[in-house]
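Since the structure comes first, as structure tokens, the remarks are kept for the end.
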Amino acid sequence: MDRTLYITLMSYTITLLFLYLLFTVLAPFLAVLVWAGAIGIITYPLYRMVLERCRGGQIRATIIMMTAVVLSVVVPLVGLLFSLSREAASAYHYLESLSSGTTPMALDEILRHPLVAPWMERISPLIGTFNLDLEAVILPAMKKGLAAMLDYSTDIVKNFFGFLFKLVLMLITLFFIYKDGASFLNKFWQAVAIGETLRATIATTVTRVLGAVMYGVILTCLVQGTLGGLGFWVAGLPSPFLFGTLMAICAPIPFVGTALVWLPGAIYLLAQGHLLAGVALIIWGVLVVSGIDNIIRPLFISGKAKLPILVIVFGVLGGFLAFGLAGLVVGPVVLAIVMVFFEAYRESAAEPDKIIL
């Protein structure tokens with residue numbers, strides 16, 4: 001074997017080995033690093049403004065930014081998690097009583113209601129073909145979903161010190177991103193053997209996509225969840241905070257989105273005989289909760305990400321399934337970077353003399 005080829009192969013092998021070891025070491029802190037990096041990148045322009053006001057005092061500017069992040073992000077998040085755990089426990093116990101028949105309105109009564117029965121008759125042939133027992137399927141599925149949310153939220157409460165440790169670690173990481181982030185980024189780009197044009201494109205794309213995800217997707221989901229929870233509260237439905245959270249989670253799903261939550265709630269109200277509240281919740285869900293998505297999301301995403309909305313949706317949902325909450329950020333960024341490299345290779349193939357990579 002040629003000595004140059006042997007050295008090249010060994011260099012690649014050792015590099016891949018150490019990259020794998022590096023990932024193994026950092027994997028337990030992936031969410032910490034992702035959220036610290038995302039918050040740091042999004043708020044870095046604000047940090048630079050604060051730095052100018054502090055006349056170059058890095059430590060003072062960093063402390064001001066950290067205080068702002070803790071008060072505006074961390075404190076509300078911790079409060080929401082504790083509230084979510086209480087709401088999930090309450091709703092789960094309600095479903096337990098519903099499935100045991102101890103509540104006044106069991107699922108079979110809802111299915112036999114005059115407003116629901118005609119629709120059930122239409123789909124009954126399909127149900128009969130697959131031998132489906134709706135009461136045996138729907139309630140366990142709802143209980144399983146709520147149990148998963150309950151386990152996730154109560155796990156944070158039970159392992160509060162572990163959660164607190166990761167939160168403190170995220171804040172420490174964010175502190176050094178503000179303080180030394182620019183210097184580290186310059187050294188990183190010096191070590192990466194790609195063209196200057198592609199470097200600038202990657203940096204711009206990552207910043208744009210993070211902005212689109214943080215402001216477009218996450219903000220839209222939070223607004224829809226808040227409006228949906230408000231609708232549940234006004235309609236008198238139980239656990240409005242929990243169901244508002246569920247609507248925020250379902251909001252990125254194309255076509256159906258928040259209707260997966262507010263529509264069953266409206267049907268329940270109609271089945272209970274609360275005609276005005278049920279109709280009002282449907283109107284609120286269609287015009288406000290689902291309709292606001294068509295205003296807020298294009299306003300943020302189309303103008304910032306400059307990517308097809310389908311790429312953002314698949315990135316958010318796929319990232320969430322693969323990496324959990326950190327995947328909300330990781331997924332779209334990964335897809336965007338892949339598209340940047342694809343476009344760079346396409347331009348290189350079309351113009352071989354032009355240095356892109």
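The values are calculated or read from the model by the stated rules, or taken from the named source; none is laboratory data. Being a predicted model, the structure only gives us computed values, none of them experimental. Cβ coordinates were reconstructed from backbone atoms using ideal geometry, including for glycine residues, and neighbour counts include every protein chain displayed. Remember, those area values only see protein heavy atoms, side chains included, never the ligands or the DNA or RNA. Shrake-Rupley method; radii C 1.70, N 1.55, O 1.52, S 1.80 Å.
Residues considered: V213, V137, V217. Of these, the only one that is at pLDDT below 80, assigned to a helix (DSSP H, G or I) and more than 24 Å from G327 (Cα to Cα) is V137.
Does the range 231-245 include one or more residues that are in contact (Cβ under 8 Å) with a residue 12 or more places away in the chain, out of contact with any Phe, Trp or Tyr (no Cβ under 7 Å at 6 or more places or on another chain), among the aliphatic types (A, V, I, L, M) and closer than 18 Å to G319 by Cα? No, the range 231-245 has no match at all. Listed by first and then second residue, the pairs linking a residue in the range 152-171 that is under 22 Å from A38 (Cβ atoms) and open to solvent by 70 Å² or more (accessible area, probe 1.4 Å) to a residue that is at pLDDT 75 or above and assigned to a helix (DSSP H, G or I), with Cβ atoms under 6 Å apart and 6 or more places separating them unless they lie on different chains, are K166/V32.
Within the range 44-74, the set of residues being open to solvent by less than 30 Å² (accessible area, probe 1.4 Å) and either within 22 Å of Y215 (Cβ to Cβ) or at pLDDT below 85 (or both) comprises Y47, V50, C54, G57, M65, M66, V69, V74.
If you take the residues in the range 246-259 that are more than 11 Å from the chain's Cα centre (by Cα) and free of Cβ contacts under 8 Å to residues at least 12 places away in the same chain, which one is least open to solvent (accessible area, probe 1.4 Å)? Going through the qualifying residues, I end up with V256. Among the residues of the range 220-244, the ones that are out of contact with any Leu (no Cβ under 9 Å at 6 or more places or on another chain), surrounded by fewer than 20 Cβ atoms within 10 Å (Cβ to Cβ), in a helix (DSSP H, G or I) and not hydroxyl-bearing (S, T, Y) come to 4 in all.
Within the range 57-64, not a single residue is among the small types (G, A, S), closer than 21 Å to F165 by Cα and out of contact with any strand residue (DSSP E or B) (no Cβ under 6 Å at 6 or more places or on another chain).
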